[in-house]
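What follows is a short report on a single structure.
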Amino acid sequence: MIYCNPILRGFHPDPSICRVDKDYYLVVSSFEYFPGIPVYHSRDLVNWTHIGNCIRRADEFPYENAKDSGGVWAPTIRYNDGYFYVTATFDGCGNFIIRAKDPAGEWSRPVWVREVGGIDPSLYFENGHAYYCTNERLDGKDMISMQEIDIESGKITGERRCVWRGIGGGYIEAPHIYRIGDWYYLLVAEGGTFYNHMANIARSGDLWGPYESCPNNPILTNMCDPTRQVQCSGHADLIDDGEGGWWAVHLGTRLARRTMTHLGRETFLTPVVWKDGWPMCGHDRKTVLLEEGPISARQEPVKGFAADMEKTEWEPEWIFLRNPDMQKYRRMDGNIILSPSVDTMDGKRPTFAAVRPIDFDCVTDAVFDFSNCRPGDEAGLAVRLESSYYITCVCGIGDSGRELRLTLRAEDIRHEVAAATIPDGRINLRMSADKEKYTFAYSVDNNRFEVLGSVSTRFVSIDIAGRCFTGTVIGLYTSSEEQSGAEMTVYKFEILPSA
Ligand code: 6LW
């Protein structure tokens, strides 16, 4: 059956997957955003539902210190003996393990693995033993280390060994061990997570090696791919469908132009075939956008997200920055009510309730009012890549009274793109996004829309920001220069596919 890649669109990097009977669970990195480590569920590998988040207690992690693209990196999800385990890196703090009986949560408090460094930890279970792999830098060289671990305490209980140094592609990361047939397989990422990215594999008859490198490595890469449909393929995790089919989920990027993407690294699904005991991914190791494979169900169109205003709990799709003061985020009387922070989008903890974009082409609709505001207060929509790369379209008090301002920040560039005077009362902001630009329009009578202006997506692309591991997110934002009584009352927020 034909399906479209990516299977998780927008900012969904570093995927890891496991299967329990007919249920697949997939997790991705969440970086400086909270809740952390979103969990997706599927029964067919192409239709996914966001069922929860692993990290829902910000005080258990040093979020307040998380840099842009810091925070939670590269989770691995595995199932063993009635528990789901997730292990990941908290940048600058170390690696941790959490577990849950229900992957939709509640997840346990983190157990920190203090005796081993590196990033991109992974777990492998066999015969009641747990083994812990991570990338490490020993004797000046990157390698993959493995050691036995007490899964409850996070204590290392066995000798640490270097099990593979990769094919020399550099930045050997994202290790995963599998027992398939008579072999142990070790899958890794090399080349760094951008344009030289690749997945390489080795195998051994013994868990501890020595591991023999696959003669066809890399088994997955889109580097030097003239079609340029997909780039940066790598950081893969293998899964079988229980019916003989094998797959790789992995990160990749789609280019909004000949280069650049503002959606960031997304999650792709690529078929895997086995030959002579070695796997090979996709079309001669390349991933494509329109793929075919033994998929059991029709892939549903991209759904989008519409906040259910009757809810008093935040849907799992919502993300906030670092350790948000949730008293500034209220759901009541059929509305969302946001209280401004003194932080603007330049800051670490602005009042910003966001969701991941659903695709390049989408329309964001927000209806809100901004009451009790004074000069210096602002409220509206924001598209955020990082604290120095963002776009805001906000209403506030200007020289000529209430106005709407469209502003871009790209590092040192701060540019007011457009402004318009508007009356008091409700405003409907509509942002239409495509590969090239974000176009903002507004209506104050919920009927006629005026275009305010457009901003190129180029200015919030991960390529412009450089070493940006996240991707743009779109959300509701409000700020005030000092603690004010201003309130942003939101009546509607949705991001839907463009018609
Ligand atoms: C991830 C690692 C990486 O942990 O980037 O460049 C980190 N390599 O695989 C964040 O995605």
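Every read-out reported here was derived from the displayed coordinates using simple, explicitly stated rules and does not represent laboratory data. Bear in mind that the values here come from a model prediction, so they are computed numbers and not experimental data. Don't worry about glycine lacking a Cβ; one is built from the backbone with ideal geometry, like all the others, and counts go over all protein chains shown.
Taking a straight Cα-Cα cut-off under 30 Å and skipping sequence neighbours fewer than 8 places away in the same chain, the lysines within cross-link reach of residue 286 are 22, 141, 275, 303, 435, 437. Put in line by how crowded their Cβ is, counting other Cβ atoms within 10 Å and starting with the fewest, 14, 241 read 241, 14.
Take the Cα pairs of region 83-209, get the Kirkwood Rh, then feed it into Stokes-Einstein at 25 °C and 0.890 mPa s and tell me D in µm²/s.
Value of D from the Cα-based Kirkwood radius: 163 µm²/s.
Averaging the sequence gap over all C-alpha pairs within less than 8 Å and six or more residues apart, then dividing by the number of residues, gives the chain a relative contact order of 14 percent. By other beta-carbon atoms within 10 Å, ranking 84, 194, 370 with the fewest at the front produces 194, 84, 370.
Which order do 262, 41 fall in if you start with the one that has the fewest other Cβ atoms within 10 Å? List each step's numbers first, then the result.
Working: 262 28, 41 16.
Ascending Cβ contact count within 10 Å gives the list 41, 262.
Kirkwood hydrodynamic radius, computed over distinct alpha-carbon pairs, for the chain: how many Å, to one decimal? Present the calculation step by step, with values, prior to reporting the outcome.
On the way: mean 1/r = 0.0429 Å⁻¹.
Kirkwood radius, the chain: 23.3 Å.
Sparse packing (at most 15 other Cβ atoms within 10 Å of the Cβ) combined with a DSSP loop state is found for the following trypsin sites (Lys or Arg not before Pro) in region 212-301: 228, 257, 258, 298. Inverting the mean 1/r over all pairs of different Cα atoms, compute the Kirkwood radius of region 329-393 and quote it in Å. Here the Kirkwood hydrodynamic radius works out to 13.5 Å. Stokes-Einstein, applied to the Kirkwood radius of region 275-401 over Cα pairs at a viscosity of 0.890 mPa s and 25 °C, places its translational diffusion at 134 µm² s⁻¹. Equivalent-ellipsoid semi-axes for region 2-292 (Cα gyration tensor, √(5λ), whole Å, largest first): 25, 23, 19. At q = 0.10, 0.14 Å⁻¹ the log10 of I(q)/I(0) for region 153-281 amounts to -0.34, -0.64, computed by Debye summation with a single uniform scatterer per C-alpha, solvent ignored. For region 347-499, the Cα-based Rg and Dmax, in that order, read 14.6, 43 Å.
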